Every structure is written in structure tokens, then in C-alpha cells.
Amino acid sequence: MKRNILLTLIVGAATIFGIICSAIILIQGVRMGTFKVPSAVREERYPSAWELEKTKLEEFSDISISLSYCNLSVIPADGYYLEYRMDGTCEEPQYNVSNGSFRFQEGHTQTKYRSGFHLFFNSGSISSYNQGPYYT
């Protein structure tokens, strides 16, 4: 008899825990605006890409590039130029040349393109660690 009561308590606790976790996920989705009703007709919207045509830069000797994910090519040329096409899920990238150093920084990911569930609402992520720039 005690065994059945203990088993019933364990199953009940697991069920309640599952319901609580499901509620947290739904609430977080509604708060972030990512919760969608599946039966509703919705239009897929894709972000507009960030594009920069071939732009002449000042001469530089050091490079600091901060990107989360991309295909990067350094191509020999008769001068210093920058050209990019990014998918648009991040904010517009920033770049500049100062004191002989070229700096390129990808913008932060826009809120509507973030995904993930953080237990105990921890907003820290891998990208929040203090990582130094990568020099080539």
C-alpha cells in the first residue's frame, strides 16, 4: 500500500512539473512575441539583407573582425576595399578604420530572431563572455 502511494506521489509530482514547465515556455513565447496560433494563416517574413557594395577604405595594417557565423574571404586587390552581404538577422554591422587598424563588428541578433529557453530566466549566453578580437 505504501509503495502505491509513493508511486502515485512521484507520478503526480512529475505531471505537475511538466505542466509548470509547459506553462513557462508558453508564457515566455507570448512575452517575446514568438507564440503563434498554428491554425492562423500567417505570412512568412524574411529579414532584408545588409549589403554594402565595394567601398574604398583607408590603408591599414591590423584587422579586428567580430562575427558570429559567416563565410569570410580576404582577396588581394590593388587597394583596400570592403564589400559584404549579410542575412539581416542581426542589426546593421559597424566598421571603421582608425590609427591603421580596421575594425568590423556584426550587430546584435534582433530579438525576433533569437531562440532558446533559459532555465531560471538566465539571459547569459556564450556570446556574453568577454572574448578578445581575432586578428589575422
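Any read-out appearing in this document is the output of simple, stated calculations on the displayed coordinates, not a laboratory observation. The structure displayed is predicted, hence computed values, not measured ones. Neighbour counts are summed over all protein chains in view; Cβ atoms, including those assigned to glycine, are modelled from backbone coordinates with ideal geometry.
Would you pull out the residues with amide H under 5 Å of residue 102's amide H, same chain only if 5 or more places away, H placed 1.01 Å from N?
Result for residue 102 returns 61, 62, 63, 64.
Enumerate the amide H contacts of residue 90 below 5 Å, restricted to partners 5 or more residues apart or on another chain; note that Pro and chain-start residues carry no placed amide H.
110
Please report the net charge: other residues with Cβ closer than 14 Å to the Cβ of residue 57, K and R +1, D and E -1.
Net charge in that neighbourhood comes out at -3.
Please rank 104, 17, fewest neighbouring Cβ atoms within 10 Å first, as an exposure proxy.
Going from sparsest to densest Cβ surroundings: 17, 104.
Under 15 Å from the Cβ of residue 76, count the other residues' Cβ atoms, weight Lys and Arg +1, Asp and Glu -1, and hand me the total.
-2
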